[in-house]
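The values are calculated or read from the model by the stated rules, or taken from the named source; none is laboratory data. All values reported here derive from a predicted model rather than from experimental measurement. Every residue, glycine as well, gets a Cβ built from its backbone with ideal geometry; the counts of neighbours run over all protein chains shown.
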Amino acid sequence: MPLSQSVHEQMSQRLQQAREDLLGAVRARTDADEGDAPSIAPGAHTVPGDDRPTAEMISHDEAHLAEHDTNTLHEIDAALGKLANGGAGICESCGCEIPDERLLATPTVRFCIACQDRIEKESGIGRGPTM
């Protein structure tokens with residue numbers, strides 16, 4: 001059964017807003033004033049006399065955040081694509097419908113609860129959708 005117009009609109013709105021917010025956060029980390037390195041650039045967190053291990057840890061954290069943001073953007077874009085093509089709300093594993101409540105709570109969700117639980121147990125990671 002296709003998504004109701006209301007659920008479709010709510011998901012679209014939330015996904016678009018999440019995408020805009022995330023792109024704003026990415027731009028804040030990657031843009032810099034002229035002559036300054038962006039916060040994600042190597043060495044951006046070192047100054048004369050600075051604690052090198054701390055600077056390396058901050059740079060590592062920035063790189064990790066960038067990777068997370070990239071993955072989240074991919075999830076959001078995939079969800080928007082499924083929404084546009086009529087595939088939203090269908091579990092990618094078993095093909096069953098995903099309840100509206102689950103879709104509205106996590107618009108990037110790809111699996112029903114039973115399949116998500118099984119996947120997490122099999123992989124031992126316990127990571128669900130990021131949004």
**Item:** Residue, surrounded by the most Cβ atoms within 10 Å (Cβ to Cβ), within segment 74-94, restricted to residues that are within 22 Å of V26 (Cα to Cα) and in contact with a helix residue (DSSP H, G or I) (Cβ under 6 Å, 6 or more places away or on another chain)
**Value:** A79
**Complete:** Only unsatisfied item for R29, checking (1) modelled with pLDDT under 70; (2) in contact with a Ser or Thr (Cβ under 8 Å, 6 or more places away or on another chain); (3) not small (G, A, S), is (1)
**Request:** Taking the residues in segment 95-113 that are within 13 Å of H8 (Cα to Cα) and in contact (Cβ under 8 Å) with a residue 40 or more places away in the chain as candidates, determine which candidate is farthest from the chain's Cα centre (by Cα).
**Result:** D100
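Report, by residue number, each residue of segment 95-115 that is among the β-branched types (V, I, T) and either crowded, with 21+ Cβ neighbours inside 10 Å or at positive phi (or both). I'd like the intermediate steps shown before the answer.
Here is the first cut: in segment 95-115, the ones among the β-branched types (V, I, T) are 98, 106, 108-109, 113.
Scanning segment 95-115 gives I98, T108, V109.
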**Complete:** If you go through I58, I40, the only one that is modelled with pLDDT under 65, surrounded by 13 or more Cβ atoms within 10 Å (Cβ to Cβ) and part of a loop (DSSP other than H, G, I, E, B) is I40
